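Structure first, then comments.
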Amino acid sequence: MKTYPKNKGKFLKLIEFAKTITKLLESKGIKLIVYGSLAFFIYTRDKNSYVNDIDFLTPKNSSKKIVEILRENNIDYKYFPKYRMIQVFHNGLKIELDEILSFHQTLPIKINSIVINGLKLKLVSFDNLVRIYLRASQLSKDNPFGNKKKYDSLIAWKEKKYRPAVFVVVYKKQYGKIFYLLLKRRKHWIGWEFTKGGIEQGEDIIKAVKREIFEESGLKPKKIIKFRIKGKYKYHKLFKDRPGFMGQKYQLFSGLVDDKPGKTKVKLDKKEHSDWKWLEFNSAIKLLTHKNQKRCLSIVNNYLLKLYNIKKH
């Protein structure tokens with residue numbers, strides 16, 4: 001881990017303490033889910049934030065079993081039956097175990113995974129964390145203003161954490177038809193897509209389009225068309241090679257490549273893709289994995305049919 005909260009020393013001690021507690025409870029079949037200030041820091045990587053304790057959600061009706069386990073292992077704790085909450089202590093450090101109640105059950109809870117300094121954790125999704133802080137600011141008597149501040153910070157942070165990117169529908173014209181280039185994804189997920197990728201800091205967007213086409217296919221576009229289509233989507237999980245980003249926001253383009261023999265030979269970046277195909281629209285739209293790319297391909301195809309005066313099949 002390269003980024004730490006402002007109280008780094010205490011944070012590292014908390015992580016070590018959490019290793020002991022999670023290992024003990026999970027060995028007894030009790031699964032823990034991180035939320036609260038640690039989840040806030042994991043998502044925002046806010047160096048000015050503090051992680052003074054670690055909050056876990058525990059399964060429904062698990063509190064009594066947890067108390068027995070803590071007592072058997074001579075671990076210092078306080079149990080608050082009214083709130084189904086257990087506070088665990090060690091050398092001035094605190095871990096809070098909150099049973100999943102009706103307050104949380106209506107979310108429903110979605111889970112992400114992460115490893116911090118050797119500690120494997122499950123944590124609530126970003127959207128769950130936002131909703132938890134919103135509800136806490138409205139319903140909880142425990143620091144409602146602090147919870148509202150974190151809710152506002154998460155909303156503001158969210159808008160900044162979509163990686164700027166381009167969607168590029170690469171195509172060629174042959175035999176009076178349009179063929180689209182599809183790539184079989186192998187990095188981060190498996191499926192079919194068209195060319196896409198992030199815009200580097202300070203990079204002109206057209207240069208980003210040309211670079212992505214060349215990096216992913218080895219081809220050079222003869223003509224680029226910019227569409228007024230923009231969108232964004234969330235990653236299905238956090239990626240180590242995209243720290244701080246929760247998704248991508250994109251601008252749609254098309255790229256015409258040379259149709260001369262030998263000029264459209266595709267050279268894959270094998271770290272990202274394992275296969276490629278040139279397909280007409282009807283086959284391409286069926287093969288694409290994601291709905292947002294299907295929509296973008298339809299928009300580009302309709303435009304190109306009119307541009308080149310080609311009748312729909």
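Only the coordinates and a few stated rules stand behind these numbers; no lab work does. Everything numeric here is computed off the predicted structure, so don't read it as measured data. Please note: Cβ atoms are built from the backbone with ideal geometry, for glycine as well, and neighbour counts cover all protein chains shown.
Worth a mention:
- Sites residue 89 and residue 138, calculated FRET efficiency, Cβ-Cβ separation with R0 35 Å, nearest 0.05: 0.75
- The computed percent of Cα pairs over 24 Å apart for the structure shown corresponds, within (1) 50; (2) 61; (3) 84, to (2).
- Separation of segment 122-176 and segment 68-91, taken as the distance between their Cα centroids, equals 33 angstrom.
- Shape call, segment 169-211: gyration tensor on alpha carbons, a/c limit 1.5: oblate
- Residues 235, 83, 35, 250, ranked from the fewest to the most other C-beta atoms within 10 Å, line up as 83, 235, 35, 250.
- Sum of side-chain charges, residue 275 neighbourhood, beta-carbon under 14 Å (Lys, Arg +1; Asp, Glu -1): +4
- Shape of segment 8-160, Cα gyration tensor, a/c cut at 1.5: prolate
- For residue 192, the residues whose modelled amide H falls within less than 5 Å of its own, excluding neighbours fewer than 5 places apart on the same chain, are 185, 289.
- Taken along the Cα-to-beta-carbon direction at a fixed 7 Å, the label points for residue 173 and residue 228 span 2.4 nm.
- Put in order of Cβ neighbour count within 10 Å, fewest first, the listed residues 41, 227 become 227, 41.
- Fully extending the segment from residue 269 to residue 211 would add 19.6 nm, taking 0.36 nm per residue of separation and subtracting the current Cα-Cα distance.
- Surrounding net charge for residue 312, when Lys and Arg each add one and Asp and Glu each subtract one, Cβ distance under 14 Å: +2
- Taking all Cα pairs closer than 8 Å and separated by 6 or more residues, the relative contact order of segment 162-256 comes to 39 percent.
- The chain: antiparallel DSSP beta bridges as a percent of all, rounded to 5: 75
- Each of 285, 21 has some number of other Cβ atoms within 10 Å of its Cβ, and from fewest to most they run 285, 21.
- Dividing the mean sequence gap of close Cα pairs (under 8 Å, 6+ apart) by how many residues the chain holds gives a relative contact order of 14 percent.
- Between 15, 42, 116, the residue with the greatest mean-square fluctuation in the GNM of the chain (Cα pairs under 10 Å linked by springs) is 116.
- Within the shell defined by Cβ-Cβ distances under 10 Å, the residues around residue 127 carry a net charge of +4, with Lys and Arg each +1 and Asp and Glu each -1.
- By the helix-only formula, in which each DSSP H run with n ≥ 4 contributes -39500 (n - 2.57) and the sum is divided by residues, the chain has a 222 nm mean residue ellipticity of -11000 deg cm²/dmol.
- Of all DSSP beta bridges in segment 162-307, antiparallel share, percent nearest 5: 75
- Pairwise FRET efficiency - residue 60 versus residue 127, Cβ, R0 = 22 Å, nearest 0.05: 0.55
- Highest-MSF residue in the chain out of 18, 156, 39 [GNM, Cα springs under 10 Å]: 156
- Selected from 198, 231, 118 as most flexible by GNM, with the chain as the system and alpha-carbon contacts under 10 Å: 118
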